[in-house]
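Structure record follows, encoded as structure tokens.
Quick note: the coordinates plus some simple rules give every number you see, no bench work behind them. Note that the coordinates shown come from a computational prediction; the quantities given were computed from them, not determined experimentally. No Cβ is skipped: glycine too gets one built from the backbone with ideal geometry, and neighbour counts run over all protein chains shown.
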């Protein structure tokens, strides 16, 4: 099953949760939906989980930043962005010698 699908508590068929106009996301509500298979209305609650992905950022601990040019259109608006910490600076800024 996909993350937006549930099993109907009446007929057991897989039902996609309707999120039209942001419906079904509020964690404080009991939501209602009709099963497209048996046509009965069931309720569901929502729980949202966060996943965090830590990465090393040596540049925040004394090492040099690893700047790369951003892919920007028009190109004249591009900046330099550190690939480890997200720090940005103007493209034209001079690097220390």
key: Inter-label distance, nm, simple model (7 Å from Cα along the C-beta direction), residue 21/residue 91   = 4.4
inquiry  = Assuming 0.36 nm per residue, please report the length gained on full extension of the stretch residue 2 to residue 37 beyond their Cα-Cα distance.
reply    = 10.8 nm
task = For the chain, just the Cα set please: Rg and Dmax, both in angstrom.
result = 23.9, 72
key: Taking the stretch 1-42 and dividing mean pair separation by its residue count, relative contact order in percent (alpha carbons under 8 Å, at least six apart)   = 32
request  = Taking 7 Å along the Cα-to-C-beta vector as the label spot, tell me the residue 10-residue 52 distance in nanometres, rounded to one decimal.
outcome  = 4.3
ask   = What Kirkwood radius, in Å to one decimal, follows from the Cα pairs of the stretch 5-45?
value = 10.5
message = With both bridge residues required to lie in the chain, what share of the DSSP beta bridges run antiparallel, to the nearest 5%?
response = 100
